[in-house]
Amino acid sequence: MASWLIIAALTFSSSIDNLGVGLSYGIRNIRISHYSNMLISVICVLFSVCGIYFGMWISKILPGIFPVVLSAFILVIIGLRIILLAVPRKNQAQGIAMSDQVISISLLESIVLGVALSANALTNGIGAGLLGFSPLLLSVLAAIGSFVTVWAGVVFGAKMSHIRIGKFNVGQFGTLISGVLLLLVAYLAFVD
């Protein structure tokens, strides 16, 4: 039961940033085509697989409980970094003006965005590999989560452009949730 909870949290954590990015694109009337979104998902799979296999390799080298400790440590560091990235800065723009013109991202921007969004998938994959989870299952779930959350973010972004949750806009709040989930996964790794 706890392992499925960890898998769900890792999948959600890998994808929640994608939702925030999708929302920020949608708010600015920038569209991400299904082709570009699929490319982002493929990059996510590649990063996840690399991270998981690297984590599995490390877990074979390190004895006893050290893989779990290392996994939890990595997830805590990444989780805290993500939380700090979500905190609003004073010099950040308070709002994004909407445009009537709809723009789509280019192939190059899709690749860059895919790599940027897959950083969580890579680090989550290392943690998952250290914990011995299935590379195929987590990579496919991460890719599906990526595709769905980017698509949903863009679709709902324009409708949510003025919504704030405390000091956070919707995209920042999603990033904050991602960091908290990674801290939860690190905790669950010790409890299991």
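A few notes on this one:
- Shown for C50, C44: other C-beta atoms within 10 Å of each C-beta, ranked fewest to most, produce the order C50, C44.
- Close amide H pairs (under 5 Å, H built 1.01 Å from N) link I30 with I103, residues at least 5 positions away or on another chain.
- Taking a ≥ b ≥ c as the square roots of the eigenvalues of the Cα gyration tensor, the range 37-78 is oblate, since a/c reaches 1.5 or more and a/b is not larger than b/c.
- Using the Cβ-Cβ distance between H34 and R164 with R0 = 25 Å, the FRET efficiency computed as 1/(1 + (r/R0)^6) comes to roughly 0.25.
Just so you know, all these numbers are worked out from the coordinates, no wet-lab data involved. Bear in mind that the values here come from a model prediction, so they are computed numbers and not experimental data. Cβ coordinates were reconstructed from backbone atoms using ideal geometry, including for glycine residues, and neighbour counts include every protein chain displayed.
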